[in-house]
Structures are given as structure tokens and as C-alpha cells.
1. Let me spell it out: the conditions are (1) part of a loop (DSSP other than H, G, I, E, B); (2) under 26 Å from T93 (Cα atoms), and H117 meets all of them except one. Which number is the exception?
2. Which numbered condition trips up A162, out of (1) farther than 26 Å from N18 by Cα; (2) aliphatic (A, V, I, L, M); (3) assigned to a helix (DSSP H, G or I)?
3. Return a yes/no flag: does the stretch 74-91 have any residue that is of a type in the set (S, T, Y), over 11 Å from the mean Cα position of the chain (by Cα) and over 23 Å from D174 (Cα atoms).
4. Quick check on my filter: what residues within the stretch 15-64 are of a type in the set (D, E, K, R) and closer than 23 Å to G78 by Cα?
5. For the stretch 47-90, name all the residues that are surrounded by fewer than 22 Cβ atoms within 10 Å (Cβ to Cβ), under 18 Å from V178 (Cβ atoms) and of a type in the set (S, T, Y).
6. Scan the stretch 115-128 for residues that are within 13 Å of the ligand (Cβ to nearest atom) and modelled with pLDDT of 95 or more and jot them down.
7. Quick check on my filter: what residues within the stretch 141-176 are of a type in the set (S, T, Y) and over 19 Å from S54 (Cβ atoms)?
8. Could you tell me which numbered condition D136 fails, if it satisfies all but one of (1) within 13 Å of the ligand (Cβ to nearest atom); (2) farther than 19 Å from S54 by Cβ?
Amino acid sequence: MRENNVAADALERLKEGNKIYINSTNGVGDISLERRRYTSEHGQSPYAVIVSCSDSRVMPESIFSAGIGDLFVIRVAGNVIDNIQLGSIQYATEHLGCRLVVVLGHTGCGAVSAATHQNGGYVKFITDEIKHAVGDETDAGKASILNVKQSVGKIEKLLNNADVVVKGALYHTDSGIVDFELLS
Ligand SMILES: [Zn+2]
């Protein structure tokens, strides 16, 4: 119960941070010298893990008005989950105390639309993963949501940690709004 409260508080903090971001023209997270020095000396205790796409328009710290030491961010094109990402999440939840993991997909994701084509090289590793999630879905928005759902499911199943809340969300690249009600 206590852990769930920690996750709920973390989610509220993300929502509040996003509200501030929507109407901001500059980042508002604490990146002061004092904060740098404090976290350098005392270590980090981020309040949430964010698994985000690498897309340059999706900036997790800015989107949630977060500063130094606030978020443990894993960025990979298409916000896909594999063993390497799971290792990062496990580290953050077991060693840094994070109780909330958010998979943050976004509108207009190039990786999701690339999954409808044939891809070669290392890109194929990503698009094959997305294809598995999306199936025959041709609507880009719905495909992005299915892709987030797959990553959430993988984290829940493979991390298997009842103390950790895993949530899917979708970032709108035009309005800046994060929709947290994606999977409900
Ligand atoms: Zn993307």
C-alpha cells in the first residue's frame, strides 16, 4: 500500500510538471549549481522512470518540468523494450527506489510508421518489435498506443515487481499534453 502511494505521488508530480510545461517557453526544472552540487554529493533518488522515444521533439525532463536528479530516463527509438532497457529499469527500481515507470509514446512517431515498411540493418531490430505490437493496424495514432501497450506489458511481465506501477502514456508533439489515460 505504501509503495502504491509513492507511485501515485510520483504520477501526480509528472502531471503537475506537464501542466507547467504546456504553457512554458523555457525549461523550468531545477538545474542550478546548488542542485548539481547537492546531487553530486548525496547521489540520486529520481521519483520516476521514463521510457521515451529518442525523437528530438520528445524531451522528458522538459515535458515534466523536471530538473537534475528527478527522472531516470531511458530513451530508445520507438520506446521499445528489450533486455538492456529492462536492466536499466531494474536498476532504477531496485537500487534507486523508483516506484513508477512510465512508457511515453508520442504522436507522429517515425519508428512506428517505419514499422509498416521493410527495414534493413539494425533498424530492423526496432521495427520488428513494433510490428509485433501493431499487427495490421494502419491508423498511426492507434499503432503508437498499441506499441506503448506492448512495452508496458513486457515490463510488467518480465520485471515482475508488485511494488512497481507501470503506466503507458502518449505525448502530443503539437500541444505538449501527456495523456496518461491511454490504457484505461
Ligand atoms: Zn518516436
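The values are calculated or read from the model by the stated rules, or taken from the named source; none is laboratory data. None of these values were measured; they are calculated from a predicted model. Cβ: placed from backbone, ideal geometry, glycine included. Neighbour counts: every protein chain shown.
1. Evaluating H117 over (1) part of a loop (DSSP other than H, G, I, E, B); (2) under 26 Å from T93 (Cα atoms) leaves (2) as the failure.
2. (3)
3. Our first condition is that a residue be of a type in the set (S, T, Y); within the stretch 74-91, this holds for 88, 91.
Applying the additional criterion that residues be over 11 Å from the mean Cα position of the chain (by Cα) yields 88, 91.
Imposing the further condition that a residue be over 23 Å from D174 (Cα atoms) reduces the set to 88, 91.
So far as the stretch 74-91 goes, yes, one or more of its residues are of a type in the set (S, T, Y), over 11 Å from the mean Cα position of the chain (by Cα) and over 23 Å from D174 (Cα atoms).
4. Initially, the stretch 15-64 is screened for residues of a type in the set (D, E, K, R), giving 15-16, 19, 30, 34-37, 41, 55, 57, 61.
Across the stretch 15-64, the qualifying residues are K15, D55, R57, E61.
5. Hits for the stretch 47-90 are S54, S56, S62, S65.
6. Restricting attention to the stretch 115-128, the residues satisfying the condition of being within 13 Å of the ligand (Cβ to nearest atom) are 115, 123, 126-127.
Hits for the stretch 115-128 are V123, I126, T127.
7. So in the stretch 141-176, the residues of a type in the set (S, T, Y) come out as 144, 151, 171, 173, 175.
Residue satisfying the conditions is S175 alone.
8. (1)
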